[in-house]
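As structure tokens, the structure follows; a few thoughts come after it.
The values are calculated or read from the model by the stated rules, or taken from the named source; none is laboratory data. Computed from a prediction, not measured in an experiment: that's the story for all the values here. Here the Cβ is made from the backbone with ideal geometry for all residues, glycine too, and neighbour counts use every protein chain on show.
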Amino acid sequence: MHFSLNDEQLMLQKMMRAFADEVVAPGAIERDKTKAFPIEIFNQLAEMGIMGLPFPEQYGGAGADTISFVIATEELSRVCASTGITYSAHISLGGAPLHLFGTEQQKEKYLTPICTGESFGAFGLTEPNAGSDAGGTETQAVLKDGQFTINGSKVFITNASYAKHLALTAITNVKDGKKEISAIIVPTDAAGFTIKSEYEKMGLNASNTTELILEDVVVPEENLLGVRGNGFKQFLTTLDGGRIGIAAMAVGIAQGAFNKSVQYTKERKQFGKPLAAFQITQFKLADMALKIELARNLVYKAAWLKDQGKPFGKEASMAKLYASEMAMEVCDEAIQLHGGYGYMKEYEVERYLRDAKLLEIGEGTSEVQKMVIARHILGEV
């Protein structure tokens, strides 16, 4: 294993870091306030070839690896987590299921516009009564005369307002009391498909979080994604990859809060000298740096395993669990180091904390991650 990035990854990191600092960061405070979706930023990312980064070039992607996706997600999240989660979900929840389970025709039709940025990627899994218990899905898709008629609802779905189509899970049959769950691709402009974006959130205010309502939505049978009845297994595979994205976001947020803290403690003077001159401050910064580095190594290992075609589910859950909780700890300490100023929006660290909280919940809570890790350890996966 190499503990260094290759030349292509270093170039990407340099480009994304500059883009984040020069283009994304300047409007982050205002977007958090106004909840304005950063569409112009993503138009630029599309022009840069970043919107299809880890997908094959034949579909408009860049053919890069998972580590490159991690780099891009971390750098965006370092300055604006709303931009980071939009990108991460676009790739790992929107594009990945199509790439993993789609037919050649489905990839041409649905993955290509995601790679080129013509459409955002989204994935409909969570429901009002199916959160951590994703198997509690109640949305139904009835097949008749070569068409699925879908009825149900989804909640907390990222990017759907800006997606031209999305894959969602639905019950396609019930046998002996057991649900057959399948994944189906649905155009968002289909008759009976309503998308609402009315949530008042704690953080990630510039990201698009929606409720989906499907009332007699009809799609052809050819829109079945993957194998009928394999929807549950497919979205578990999808979430393994998504957890790498969430973990990369957490590292980025923590790095952003840490950078602000280093800068502030060097400049802020109390008792006649900079805060950074006090040993207690130095110890806090050392602990923060250590946690970030540990988390980053976990994330990179999970991404590396995925790129090598090796099992990575346990490591993805470990990375997601540790990195998300680490981000909350680091952001909390960043506010403390800033004192009263840390409580003010102008200094940004309070936004980092608000944004980080979702990472302990989305794509499997911390408690669910421990369940997943334990199953791997005990050989139940």
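Summary of values
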item: Qualifying residue in the stretch 253-267 (condition: among the aliphatic types (A, V, I, L, M), in a helix (DSSP H, G or I) and over 23 Å from Leu359 (Cα atoms)); result: yes
item: Counted residues, the stretch 180-223 - those being modelled with pLDDT under 95 and not hydroxyl-bearing (Ser, Thr, Tyr); result: 1
item: Residue match in the stretch 18-33 (condition: under 22 Å from Ile114 (Cβ atoms) and either in contact with an Asp or Glu (Cβ under 8 Å, 6 or more places away or on another chain) or in the same structural domain as Met202 (by TED's automatic domain parsing) (or both)); result: yes
item: Single unsatisfied condition, Tyr322 versus (1) surrounded by fewer than 23 Cβ atoms within 10 Å (Cβ to Cβ); (2) assigned to a helix (DSSP H, G or I); (3) more than 20 Å from the chain's Cα centre (by Cα); result: (3)
item: Only listed residue being crowded, with 24+ Cβ neighbours inside 10 Å and touching a Ser or Thr at 6+ places or on another chain (Cβ under 9 Å), chosen from Ala276, Ala248; result: Ala248
item: Matching option when the condition is buried (at least 23 other Cβ atoms within 10 Å of the Cβ) and part of a helix (DSSP H, G or I), among Leu239, Leu212, Leu166, Leu204; result: Leu239
item: Residue in the stretch 86-102 that is assigned to a helix (DSSP H, G or I), among the polar types (S, T, N, Q) and either surrounded by fewer than 24 Cβ atoms within 10 Å (Cβ to Cβ) or assigned by TED's automatic domain parsing to the domain that holds Arg351 (or both) present; result: no
item: Among residues of the stretch 169-189, those that are of a type in the set (D, E, K, R) and part of a strand (DSSP E or B), counted; result: 4
item: Residues that are in a helix (DSSP H, G or I) and either surrounded by fewer than 18 Cβ atoms within 10 Å (Cβ to Cβ) or modelled with pLDDT of 90 or more (or both), drawn from the stretch 130-147; result: Gly135, Gly136
item: Answer from Ala160, Ala81 - the residue that is surrounded by 24 or more Cβ atoms within 10 Å (Cβ to Cβ), at pLDDT 95 or above, farther than 27 Å from Met371 by Cα and not basic (Lys, Arg); result: Ala160
item: Any hit, the stretch 173-183, residues being under 30 Å from Ala250 (Cα atoms) and in contact (Cβ under 8 Å) with a residue 60 or more places away in the chain; result: yes
item: Condition met for Glu104 (over 13 Å from Met16 (Cβ atoms) and without any contact (Cβ under 8 Å) to a residue 12 or more places away in the chain); result: yes
item: Residues satisfying the stated conditions in the stretch 191-201, i.e. aromatic (Phe, Trp, Tyr) and part of a loop (DSSP other than H, G, I, E, B); result: Tyr199
item: Members of the stretch 299-319 found to be in contact (Cβ under 8 Å) with a residue 24 or more places away in the chain and not in a helix (DSSP H, G or I), listed by number; result: Phe312
item: Number of the exception - Gly52 against (1) surrounded by fewer than 24 Cβ atoms within 10 Å (Cβ to Cβ); (2) not in a helix (DSSP H, G or I); result: (1)
item: Filtered residues of the stretch 325-364 (kept if aliphatic (A, V, I, L, M) and outside any loop (DSSP other than H, G, I, E, B)); result: Met326, Ala327, Met328, Val330, Ala334, Ile335, Leu337, Val349, Leu353, Ala356, Leu358, Leu359
item: Condition broken by Gly63, with the remaining ones in (1) surrounded by fewer than 24 Cβ atoms within 10 Å (Cβ to Cβ); (2) in a helix (DSSP H, G or I); (3) touching a Pro at 6+ places or on another chain (Cβ under 7 Å) satisfied; result: (2)
item: Residue in the stretch 343-357 that is buried (at least 16 other Cβ atoms within 10 Å of the Cβ), out of contact with any helix residue (DSSP H, G or I) (no Cβ under 8 Å at 6 or more places or on another chain) and closer than 22 Å to Ile292 by Cβ present; result: yes
